[in-house]
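Novice: The structure's right below; bear with me while I get my questions together.
The values are calculated or read from the model by the stated rules, or taken from the named source; none is laboratory data. Remember, predicted model here, so these are calculated numbers, not experimental data. Heads up, the Cβs are rebuilt from the backbone with ideal geometry, glycines too, and the neighbour counts pull from every protein chain shown. Note: accessible area is taken over every heavy atom of the protein model, side chains too, but ligands, DNA and RNA are not part of it. Shrake-Rupley method; radii C 1.70, N 1.55, O 1.52, S 1.80 Å.
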Amino acid sequence: MTYTSDLHVLIVAADPVERVTIADLVSSQNWSTIMVNDGDAAITHARIEPYDAIVIRSNSTDCEMINCVAEAREKAAPTSPNNATPVLLLVNRINAQDNEASADLGRIELAEYPISAEGLRFVLRSLTARAPSQRQSPLQSA
């Protein structure tokens, strides 16, 4: 059995205001969150704890961040429970090159930031519906 109503989401954002804003949007859906401020902390968390989705807020060049996500997955795999976890990358602007790069990696969705609560909910539900949860219920692991 897997959790179906609650998601466990890792939020990565350098800016503390953006990090809290995104966490508030995610938490408003009764989803649990862990917040970190950089990629190294995200990799550390991703190696030890499974997440249903990872939300990354980036101000950097969008393709550059997509490459960072790919590198992080390589560093975390195969020891990470999150090496196939869907990633939502919140960027300033989406262009064709970014869409192509994210499609090549799979399980990376791009959305423009700022994003509404409804938009975030829709994208995260869509991403997690396509990927089976990697978390087990406490009853199953007993």
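Novice: Between Asp24 and Arg125, what FRET efficiency comes out of the Förster formula 1/(1 + (r/R0)^6) with R0 = 25 Å and r the beta carbon distance, rounded to 0.05?
Specialist: Values: r = 18 Å, r/R0 = 0.70.
Once rounded, the FRET efficiency stands at 0.90.
Novice: Rolling a 1.4 angstrom probe over the protein chains, ignoring ligands and nucleic acids, what is the accessible area of Ser116 in square angstrom, nearest 10?
Specialist: 60
Novice: Would you mind checking which residues have amide H under 5 Å from Ala53's amide H? H placed 1.01 Å from N; only 5 or more apart, or other chain.
Specialist: His8, Leu10
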